[in-house]
1. Could you check how much of the accessible area of the chain is carbon and sulfur, as a whole percent, using a 1.4 Å probe?
2. Which three semi-axes in whole Å describe the equivalent ellipsoid of the range 23-73, each the square root of 5 times a Cα gyration tensor eigenvalue, listed largest first?
3. How much length would be gained if the chain were fully extended between Ile36 and Ala102, taking 0.36 nm per residue of separation minus their Cα-Cα distance, in nm to one decimal?
4. List, largest first, the extents of the alpha carbons of the range 67-136 along their principal axes, each in whole Å.
5. Suppose all protein chains stay in the model; what accessible area per residue would a 1.4 Å probe give for the chain, in Å²?
6. Roughly how tilted is helix 78-91, in degrees to the nearest 10 and between 0 and 90, from the longest Cα axis of the chain?
7. Pull up the DSSP beta bridges for the chain and report the antiparallel fraction as a percent, rounded to 5.
8. Taking the chain as a Gaussian network, where each spring joins two C-alpha atoms under 10 Å apart, which residue of Arg74, Arg125, Arg25 fluctuates the most?
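The values are calculated or read from the model by the stated rules, or taken from the named source; none is laboratory data. Predicted model only: the values in this text are computed from it and were never measured. These area figures cover heavy atoms from the full protein model, side chains too; ligands, DNA and RNA do not enter into them. Shrake-Rupley method; radii C 1.70, N 1.55, O 1.52, S 1.80 Å.
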Amino acid sequence: LPGVAQGNLTLLNTKADRFAPFVRRVGTRVFQNLIIAQRRQLAANEILAARSAVVVRATLDRSGRLKDLSVDDRSGSLAVDQVLLDACRVAAFDDNPPVSAADEKGNFVFLFVAELRAGVAEGPRGPILTTIESRLRVGLL
């Protein structure tokens with residue numbers, strides 16, 4: 001849908017704030033890919049099926065490459081969940097991760113919380129999307 005508005009990117013926790021340049025690099029890249037995928041892949045009924053945010057956990061190894069992806073919470077729409085997973089597969093990496101941001105195993109664990117907010121009007125054949133806003137919150141555990 002071409003009407004998906006970019007919305008905003010928000011840092012979720014104090015560790016994300018402390019390492020803001022790193023988290024913003026990764027988060028912005030994921031967000032840009034997310035917006036593109038949403039516009040290309042989602043139909044109105046898939047957007048309306050999303051009742052809550054989707055939460056994806058992405059683990060990068062010590063060199064900044066994607067190591068693991070998992071869904072912590074689903075949105076109610078498999079298609080909406082899938083576009084965030086796809087965006088993470090393409091864009092969750094960093095060429096120069098700060099060593100001090102790693103966890104005790106040397107990994108970088110991100111939480112991506114994506115939400116689509118849809119404005120809906122009643123049409124003659126059911127609900128019609130009037131506006132769509134995409135939001136992404138990013139945390140670093």
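1. 50
2. 24, 14, 9
3. Additional length available on full extension: 20.8 nm.
4. That works out to 56, 18, 18 Å along the principal axes.
5. Averaged over the residues of the chain, the accessible area is 52 Å².
6. 40
7. 80
8. It is Arg125.
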